[in-house]
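What follows is a set of notes on a single structure, which appears directly below.
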Amino acid sequence: MAALGRGALAEAAAQLDRVFLWVPVAFGVGAALYLGWKTEPPLWPAAAVAVALAAVAAAADRRGAARGWIALALLTAAAFAGFAGAKLRSDHVAAPILPAHLGVVDVQGYVVDVDTPGQSGPRLVIAPTWIDHLTVDQLPLRVRIVMQPGDFVAPGQAISVKALLDPPPAPAAPGAYDFARDAWFAGEGGVGLARAPAQVIAAPPAPRALRLLMTVNAFRWATAERLAADMDSAMGGHAGDAAGLAVAVTTSHQDWLSPEVRENLRASGLAHMLAIAGLHTAALSGFVFFGVRFLIAAWPWLAVRVNGKKAAAVAGLLAVGGYLVLSGAHPPARRAAITAAVAFTAILLDRQVVSLRSLALAALIILAAEPEVVVQPGFEMSFCATAALVALAEVWPRGGTAPPGLPWWVVALQRGGDWLVGLFVVALVAGAATTPFAVQHFNRIANFGVLANLGADLIASVAMMPALAVALLLEPFSHVLAEGPLFVAGWAARAIIRIGALFARAPGAAAAASAAPQIALVFSYCGILFVCLWKGRLRWAGLPLAVAVVLWPRPAAPVIWIAGDGGDAAIATGGQEVVLRPGVRSYATGLWAQRRGLAVPEDAERARGALFDCDYWSCAPRAGVAPALGIWWTRRAPKPERLAELCARSDVLVMRAPATLPGACRDVLVLRPGDFAVGGAAEIFTEKSGWRIEWSQPIRGQRPWSAREL
């Protein structure tokens, strides 16, 4: 035991040389604490403590104090800095949020961008200049409106549209994804649904910064249209979704990609193909880097006068910047660009390119700029996967030279086998590092994700992205010259789509998994980081923590879900979800079923009809149904006899309208409008002592993005 203790202490002491790797972790912990705080904290305490501890660490270092104490002070200072940085970021992006019940109004504004399409039509990001019933000071910075099918308007134009507007929605269930928080940091103060086609109108020039942004986005949209048309022409008019995927990985616009293909890519573990991130940036910039280096080496006169590696790194940096602009600079693309820029800068400074230190620097830059990403699935999955791969590179045995005298074909087979094994291990490790987050956030596991990624990532890296890069360079000069690369890119995109379809539809392709308690994700997060960042045998102590999300016992599931305004509800019975208003809140009810591991009946209307008697205003449970849930979902008060009937047939009654309760409701759990105004969405559990209600608002707390008005 003494020897084990000495070994552990020796390993711990060795980590002092790797303290910088833990600085972004500490910073992220502070940012996460701010985001999870229940009330809005002041800035100065965290900022003051961060400055004081940083000063203490600096003074202790100058005086030669113990390195362990210096490291502790530094990491604690980083945590408080993360808390203060997140607070500063929230204050900086603060902007008005639309009031509730605004209804259908006339909206005028500038089309800033074309966003990912909604289920019913294209989605536009608009900078409003006028909204009925609001003053200029009440206008949000941006609103996202789903337009009517086929109603595309290019960025840069001013429009007028009649739309149903609402503030960004609160979580659909307690502990579920908080869209309103992400919208707050994105400057989006409202969402809407167009009730009529948009009309292009005359408007005064927009402010300079907005005008520049719209000019860039108009160029991106025009590039997307041209790329889709040219690829379709290069493939004989049959590009279809291949052109859609090519456009998506080039400009982030998914409007040419069918919903079926998008869902197949997600179901097969290839969702990262849809978001321009590390894979696309690395493939494109890597192609430019090695291409420029090869061209310099092929020109002897230039090769002896220019450092080919550093010149290629500069070209790689330019490619990263250009691709970032063309992609729309969305959060995943920004993260990937920063990571790639750090790598190319390391080449220019003669530093190690692939290292945990470079990754830590990239993570710290990203977290300092956007602290809110620490709780977003994209950041969690991309950086944990990258950290796992870099840590793997640290311990992976380096291949030696082949023994002399072996035939060339034997050497080629050995190296090819090593390469394939390496690809498989890379896909396996990256998949394992992202599985806890896939389970917790998306509640499903792509069982063949490793195999799908093995093929799709290879095709994207060696064929699709390089061919698209060449095509984009040639298109401005000659469509004829661009046809060849576009043809290659199109067939590569088609192959990726087919891989997605194959592994999405294969028997046993996906496994559903209900969400674990949030603390399990914290343990998994910490476990993965410990395995990746700790150096020595003790790193494997983090493995049990890393799989906490998968192994954590799930508590008893709720039996009732109720929407945040009391306008819809569902019950869990026989392992499936039965919705009382099918099709009204499809996203919310689907999310609840997904998070709780419930099956969704093929015919929702029939499933409801078997358990409930419903009319235009309400539903009452039939005899013997458990849980016996009744609901009155309109804002108009029910007649006394109907309310008495609902109470007589229900154990739990949801009331969206205020009403005086009759005696029949004495033993019924009745939830009224005031309850939802305070609590938001609810889940109800059965316990020996009766009903237990869990509300979403207490989990969110009183934050700038969580104000409610019902």
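Among the residues that make up the range 521-537, is at least one of them aromatic (Phe, Trp, Tyr), touching an Asp or Glu at 6+ places or on another chain (Cβ under 9 Å), touching a residue at least 12 places away in the same chain (Cβ under 8 Å) and crowded, with 17+ Cβ neighbours inside 10 Å?
Here is the first cut: in the range 521-537, the ones aromatic (Phe, Trp, Tyr) are 523, 525, 530, 534.
From what is left, the residues that are touching an Asp or Glu at 6+ places or on another chain (Cβ under 9 Å) are 525, 534.
Keeping just the survivors that are touching a residue at least 12 places away in the same chain (Cβ under 8 Å) gives 525, 534.
When the remaining residues are screened for being crowded, with 17+ Cβ neighbours inside 10 Å, the result is 525, 534.
Checked the range 521-537: at least one residue is aromatic (Phe, Trp, Tyr), touching an Asp or Glu at 6+ places or on another chain (Cβ under 9 Å), touching a residue at least 12 places away in the same chain (Cβ under 8 Å) and crowded, with 17+ Cβ neighbours inside 10 Å.
Take Pro155 and tell me if it is in contact with a Phe, Trp or Tyr (Cβ under 7 Å, 6 or more places away or on another chain) and in contact (Cβ under 8 Å) with a residue 40 or more places away in the chain. Steps first, answer last, please.
Values: in contact with a Phe, Trp or Tyr (Cβ under 7 Å, 6 or more places away or on another chain): yes; in contact (Cβ under 8 Å) with a residue 40 or more places away in the chain: yes.
Criteria met by Pro155.
Quick test of your reading of the structure: Arg554 fulfils all but one of (1) touching a Phe, Trp or Tyr at 6+ places or on another chain (Cβ under 9 Å); (2) basic (Lys, Arg); (3) in contact (Cβ under 8 Å) with a residue 40 or more places away in the chain. Name the failing condition by number.
With (1) touching a Phe, Trp or Tyr at 6+ places or on another chain (Cβ under 9 Å); (2) basic (Lys, Arg); (3) in contact (Cβ under 8 Å) with a residue 40 or more places away in the chain applied to Arg554, the lone miss is (1).
Mind listing whichever residues of the range 436-452 are open to solvent by less than 30 Å² (accessible area, probe 1.4 Å) and part of a helix (DSSP H, G or I)?
Initially, the range 436-452 is screened for residues open to solvent by less than 30 Å² (accessible area, probe 1.4 Å), giving 436-440, 443, 449, 452.
Scanning the range 436-452 gives Pro436, Phe437, Ala438, Val439, Gln440, Gly449, Ala452.
In the range 274-288, how many are assigned to a helix (DSSP H, G or I) and β-branched (Val, Ile, Thr)?
Here is the first cut: in the range 274-288, the residues assigned to a helix (DSSP H, G or I) are 278-288.
Narrowing the set further to residues that are β-branched (Val, Ile, Thr) leaves 281, 288.
So the answer is 2.
Hey, among the residues in the range 654-710 that are open to solvent by 60 Å² or more (accessible area, probe 1.4 Å) and in contact with a Ser or Thr (Cβ under 9 Å, 6 or more places away or on another chain), which one's farthest from Pro140 (Cα to Cα)?
It comes out as Arg692.
Which count do you get for residues in the range 487-518 that are of a type outside the set (A, V, I, L, M, F, W, C), free of Cβ contacts under 8 Å to residues at least 40 places away in the same chain and open to solvent by less than 60 Å² (accessible area, probe 1.4 Å)? Full working, then the answer.
Residues of the range 487-518 that are of a type outside the set (A, V, I, L, M, F, W, C), as a first pass: 490, 494, 498, 500, 505, 507-508, 514, 517-518.
Right, trim to free of Cβ contacts under 8 Å to residues at least 40 places away in the same chain and you get 498, 507, 517.
This time we only want the ones that are open to solvent by less than 60 Å² (accessible area, probe 1.4 Å), so: 517.
Summing the residues that are of a type outside the set (A, V, I, L, M, F, W, C), free of Cβ contacts under 8 Å to residues at least 40 places away in the same chain and open to solvent by less than 60 Å² (accessible area, probe 1.4 Å) in the range 487-518 gives 1.
Inside the range 365-392, can you point out the residues that are over 13 Å from the mean Cα position of the chain (by Cα) and open to solvent by 40 Å² or more (accessible area, probe 1.4 Å)?
Within the range 365-392, the subset over 13 Å from the mean Cα position of the chain (by Cα) is 365-371, 384-392.
Ile365, Ala368, Ala369, Thr386, Leu389, listed by residue number.
Please go through (1) assigned to a helix (DSSP H, G or I); (2) farther than 30 Å from Pro704 by Cβ; (3) open to solvent by 60 Å² or more (accessible area, probe 1.4 Å) for Arg351 and return the number of the only condition it doesn't satisfy.
(1)
Within the range 201-218, count every residue that is touching a helix residue (DSSP H, G or I) at 6+ places or on another chain (Cβ under 8 Å) and either outside any helix (DSSP H, G or I) or open to solvent by 80 Å² or more (accessible area, probe 1.4 Å) (or both). Full working, then the answer.
Going residue by residue through the range 201-218, those that are touching a helix residue (DSSP H, G or I) at 6+ places or on another chain (Cβ under 8 Å) are 205-206, 216.
If we keep only those that are either outside any helix (DSSP H, G or I) or open to solvent by 80 Å² or more (accessible area, probe 1.4 Å) (or both) too, we end up with 205-206.
Count: 2.
Any idea which residue in the range 550-578 is least open to solvent (accessible area, probe 1.4 Å), counting only those that are part of a loop (DSSP other than H, G, I, E, B) and among the aliphatic types (A, V, I, L, M)?
Of the residues in the range 550-578, the ones part of a loop (DSSP other than H, G, I, E, B) are 552-559, 563-568, 574-575.
If we keep only those that are among the aliphatic types (A, V, I, L, M) as well, we get 556-557, 559, 563.
Values: Ala556: 80, Ala557: 50, Val559: 27, Ala563: 3 Å².
Among those that are part of a loop (DSSP other than H, G, I, E, B) and among the aliphatic types (A, V, I, L, M), it is Ala563.
Mind telling me which of the residues Ala297, Ala343, Ala267 ends up being touching a residue at least 40 places away in the same chain (Cβ under 8 Å) and not β-branched (Val, Ile, Thr)? Break it down into steps so the answer makes sense when it comes.
Numbers: Ala297 fails: touching a residue at least 40 places away in the same chain (Cβ under 8 Å); Ala343 fails: touching a residue at least 40 places away in the same chain (Cβ under 8 Å).
Among Ala297, Ala343, Ala267, only Ala267 is touching a residue at least 40 places away in the same chain (Cβ under 8 Å) and not β-branched (Val, Ile, Thr).
Among the residues of the range 249-270 satisfying the criterion of being under 25 Å from Ala512 (Cα atoms) and of a type in the set (D, E, K, R), which is surrounded by the fewest Cβ atoms within 10 Å (Cβ to Cβ)?
As a first pass, look at the range 249-270 and keep what is under 25 Å from Ala512 (Cα atoms): 258-270.
With of a type in the set (D, E, K, R) added as a condition, the list becomes 260, 262-263, 266.
Details: Glu260: 12, Arg262: 21, Glu263: 14, Arg266: 19.
Here the residue is Glu260.
Before we move on, is Arg335 assigned to a loop (DSSP other than H, G, I, E, B), at pLDDT below 90 and more than 18 Å from Val462 (Cβ to Cβ)? Break it down stepwise before answering.
On the way: assigned to a loop (DSSP other than H, G, I, E, B): no; at pLDDT below 90: yes; more than 18 Å from Val462 (Cβ to Cβ): yes.
When the stated conditions are applied, Arg335 does not pass them.
Please name all residue pairs, on different chains or six or more residues apart, with Cβ atoms under 8 Å, provided the first residue is in the range 104-128 and is free of Cβ contacts under 8 Å to residues at least 40 places away in the same chain and of a type in the set (Val, Ile, Thr) and the second residue is part of a strand (DSSP E or B) and open to solvent by 10 Å² or more (accessible area, probe 1.4 Å).
Ile126/Tyr110; Ile126/Arg142; Ile126/Arg144
Within the range 164-183, track down each residue that is among the aromatic types (Phe, Trp, Tyr) and more than 22 Å from Val111 (Cβ to Cβ). Even if it seems obvious, please write down each step before you answer.
First pass over the range 164-183, keeping only residues among the aromatic types (Phe, Trp, Tyr): 177, 179.
Tyr177 - this is the single residue of the range 164-183 that is among the aromatic types (Phe, Trp, Tyr) and more than 22 Å from Val111 (Cβ to Cβ).
Yes/no matrix, rows are residues, columns are (1) closer than 14 Å to Ala471 by Cα; (2) assigned to a helix (DSSP H, G or I); (3) open to solvent by 20 Å² or more (accessible area, probe 1.4 Å); (4) at pLDDT 90 or above:
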site	(1), (2), (3), (4)
Ala228	yes, yes, no, yes
Ala242	no, yes, no, yes
Val247	yes, yes, no, yes
His272	no, yes, yes, no
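For the range 1-112, which fully contained helices (runs of 4 or more DSSP H) count at least 3 residues that are hydrophobic (A, V, I, L, M, F, W, C), surrounded by 21 or more Cβ atoms within 10 Å (Cβ to Cβ) and under 31 Å from the mean Cα position of the chain (by Cα)? Reasoning before the result, please.
On the way: elements: 2-14, 19-36, 44-62, 67-93.
Where helices (runs of 4 or more DSSP H) fall fully within the range 1-112 and carry at least 3 residues being hydrophobic (A, V, I, L, M, F, W, C), surrounded by 21 or more Cβ atoms within 10 Å (Cβ to Cβ) and under 31 Å from the mean Cα position of the chain (by Cα), they are 19-36, 67-93.
Taking the criterion of being crowded, with 20+ Cβ neighbours inside 10 Å and under 30 Å from Leu474 (Cα atoms), would at least one residue in the range 155-170 satisfy it?
Yes, the range 155-170 contains at least one residue that is crowded, with 20+ Cβ neighbours inside 10 Å and under 30 Å from Leu474 (Cα atoms).
Restricting to the range 636-653, give me the number of residues that are out of contact with any helix residue (DSSP H, G or I) (no Cβ under 7 Å at 6 or more places or on another chain), open to solvent by less than 30 Å² (accessible area, probe 1.4 Å) and not hydroxyl-bearing (Ser, Thr, Tyr). Walk me through it before giving the result.
Looking only at the range 636-653, we keep the residues that are out of contact with any helix residue (DSSP H, G or I) (no Cβ under 7 Å at 6 or more places or on another chain), and these are 636-643, 645-646, 649-652.
Narrowing further to those that are open to solvent by less than 30 Å² (accessible area, probe 1.4 Å): 638, 643, 646, 650, 652.
Subsequent filtering for residues that are not hydroxyl-bearing (Ser, Thr, Tyr) retains 638, 643, 646, 652.
Result for the range 636-653: 4.
Filter the range 464-486 down to the residues that are buried (at least 18 other Cβ atoms within 10 Å of the Cβ) and either of a type outside the set (D, E, K, R) or over 18 Å from Thr250 (Cβ atoms) (or both) and list them by number.
Those that are buried (at least 18 other Cβ atoms within 10 Å of the Cβ) and either of a type outside the set (D, E, K, R) or over 18 Å from Thr250 (Cβ atoms) (or both): Met464, Met465, Pro466, Ala467, Leu468, Ala469, Val470, Ala471, Leu472, Ala482, Pro485, Leu486.
Among the numbered conditions (1) of a type outside the set (Lys, Arg); (2) crowded, with 17+ Cβ neighbours inside 10 Å; (3) within 21 Å of the chain's Cα centre (by Cα), tell me where Gly187 comes up short.
Going through (1) of a type outside the set (Lys, Arg); (2) crowded, with 17+ Cβ neighbours inside 10 Å; (3) within 21 Å of the chain's Cα centre (by Cα) one by one, Gly187 breaks only (2).
Are any residues in the range 676-697 charged (D, E, K, R) and in contact (Cβ under 8 Å) with a residue 40 or more places away in the chain, and if so, which ones? Outline the logic, then answer.
If we filter the range 676-697 for residues that are charged (D, E, K, R), which is where we start, we get 683, 687-688, 692, 694.
Listed by number, the residues that qualify are Glu683, Glu694.
The values are calculated or read from the model by the stated rules, or taken from the named source; none is laboratory data. Treat the numbers as computed from the prediction; the structure is a model and nothing was measured. All Cβ positions, even for glycine, are placed from backbone atoms using ideal geometry, and neighbour counts span all protein chains on display. Note: accessible area is taken over every heavy atom of the protein model, side chains too, but ligands, DNA and RNA are not part of it. Shrake-Rupley method; radii C 1.70, N 1.55, O 1.52, S 1.80 Å.
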